[in-house]
Amino acid sequence: MSLPIQSIKPAGKSWREINQERKALKRQRNEEKIVKREKRLAIEKEADLQNKEEIKKEKQNAEISTVSIAVPGSILENAQSAELRTYLAGQIARAACVFCVDEIIVYDDVGDKLDTKKSKLEDIDGVKIARKSCVQLARILQYLECPQYLRKHFFPIHKDLEFAGLLNPLDAPHHLRMTNDFKFREGITMNKKVKPGKGSQVNVGLLQDVSTDKLLNPGIRVTVKMLPSSEGSKKMKGKIVSLTSPRAETGVYWGYTVRIANSLSQVFTLCPHKDGYDLTIGTSDRGTPIDDLPVNEVKYNHALIMFGGLHGIEAALESDEQLQVEEASLLFNHYVNVLPNQGSRTIRTEEAILIAMSSLRTKLKANHEPMIFKESGIAVSSTFPKNENFTDGNKLDLSRFD
């Protein structure tokens, strides 16, 4: 028969001292629990504040005013050869980049009246089946906007890109070289194993991949904010952010997105902005002179400027069965003639974009204009410094043109 185990009093200690020690240990444990709870609450509070700040930043990013242009895919069908079709698309991409356009919509202004070949393309809304000329124009626009070091991942060999090597590069700010030291970079998520709790490895065009904070499927294009490396660490770390973050935080132009619309009405109905385009401008030789628009008084949050094809916006309206409008001018807030008293019978679409965007620069006023870019780290224009002595050959630095 086993006897019950009784607590044995340590030698030299009274029960009072033992109770005091037990109470002290219990008090210490309680204090440690309180400290741990306070630390946990502090961490949760900090995380909550960070989430609120990120939500606030995303909201601010979404509020930045944008400019979109809509061009018909049929303009490629008017080009005489495959090389000229490609070059025409390159001219539109260059014009959009020069004037900091945020979105290019390629719309079908012919519709199903003519039995034409269809093709597939992946845009911001997913995989689209559209008129072949629209798809080719959109694909070339996407190709030129993509940084060079990412093109091999997103653009396999394709007939539409056969003559893309003839095109002038956009040389946009987000087309960073390896030597550029900027805090934002475009990248692609890689198919590499990562430790549990760690984010994806992203190729951003540097010698080594960047460890990020989010685990995503491989093959996705992302915008990465580069984080400072800890002392003694060779690993590069970054944070995946939204596409609008670089412009919102620094003011630098960060390229355009491409969207396909299978009809004129889809240009408006599939708008990516919650409240749609609050300013719409149509261009036509039947419109009012663009000079009649007041200077800096045409305000907007999200502006859309639409250009017609060979037969104008009026032909696109006739081919769209969804729109029950007799006059094309009724679709827009302003219906303008970009160049009154023109010398040629027609102004080509790629010419109209340059003329219209140049004229509208002094007319439009953004409600939430992005800040002016004042930082460094990206390639800048090859202009000579002020007060440089050009006559002295020893002072002329030509290394910037290499």
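The values are calculated or read from the model by the stated rules, or taken from the named source; none is laboratory data. The shown structure was predicted, so the numbers you read here are calculated from the model rather than taken from an experiment. We place every Cβ from the backbone using ideal geometry, glycine too, and count neighbours over all the protein chains shown.
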Q. When you look at ILE240, is it at pLDDT below 95, more than 23 Å from THR349 (Cβ to Cβ) and crowded, with 18+ Cβ neighbours inside 10 Å, yes or no?
A. yes
Q.
Residues to consider are GLU326, GLU314; find the one that is in the same structural domain as ALA70 (by TED's automatic domain parsing), of a type in the set (Asp, Glu) and at pLDDT below 90.
A. GLU326
Q) Does GLY197 satisfy the criteria of being assigned to a loop (DSSP other than H, G, I, E, B), small (Gly, Ala, Ser), in contact (Cβ under 8 Å) with a residue 24 or more places away in the chain and outside the structural domain of TYR143 (by TED's automatic domain parsing)? A) no
Q) Mind checking which residues of segment 200-213 are part of a loop (DSSP other than H, G, I, E, B) and surrounded by 13 or more Cβ atoms within 10 Å (Cβ to Cβ)? A) SER200, VAL204, GLY205, LEU206, ASP209, THR212, ASP213
Q. Under the condition of being in contact with an Asp or Glu (Cβ under 9 Å, 6 or more places away or on another chain) and in a loop (DSSP other than H, G, I, E, B), which residue from segment 177-191 is nearest to ASN203 (Cα to Cα)?
A. MET190
Q. Within segment 214-235, is there a residue that is surrounded by 15 or more Cβ atoms within 10 Å (Cβ to Cβ), out of contact with any helix residue (DSSP H, G or I) (no Cβ under 8 Å at 6 or more places or on another chain) and not hydrophobic (A, V, I, L, M, F, W, C)?
A. no
Q: Looking only at segment 153-170, decide whether some residue is touching a Leu at 6+ places or on another chain (Cβ under 8 Å), at pLDDT below 95, surrounded by fewer than 16 Cβ atoms within 10 Å (Cβ to Cβ) and farther than 23 Å from PRO218 by Cβ.
A: yes
Q: For VAL135, work out the one condition from (1) in contact (Cβ under 8 Å) with a residue 60 or more places away in the chain; (2) outside the structural domain of VAL106 (by TED's automatic domain parsing); (3) buried (at least 21 other Cβ atoms within 10 Å of the Cβ) it doesn't fulfil.
A: (2)
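Residue by residue, here is whether (1) under 18 Å from the mean Cα position of the chain (by Cα); (2) at pLDDT below 90 holds:
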{"position": "LYS183", "(1), (2)": "yes, no"}
{"position": "MET190", "(1), (2)": "no, no"}
{"position": "VAL194", "(1), (2)": "no, yes"}
{"position": "LYS198", "(1), (2)": "no, yes"}
{"position": "VAL202", "(1), (2)": "yes, no"}
{"position": "VAL210", "(1), (2)": "no, no"}
{"position": "GLY219", "(1), (2)": "yes, no"}
{"position": "VAL224", "(1), (2)": "yes, no"}
Q.
Against the condition modelled with pLDDT of 90 or more and farther than 17 Å from ASP160 by Cα, how does ASP102 come out, does it pass?
A. yes
Q | So ALA356, is it at pLDDT 90 or above, surrounded by 17 or more Cβ atoms within 10 Å (Cβ to Cβ) and among the small types (Gly, Ala, Ser) | A | yes
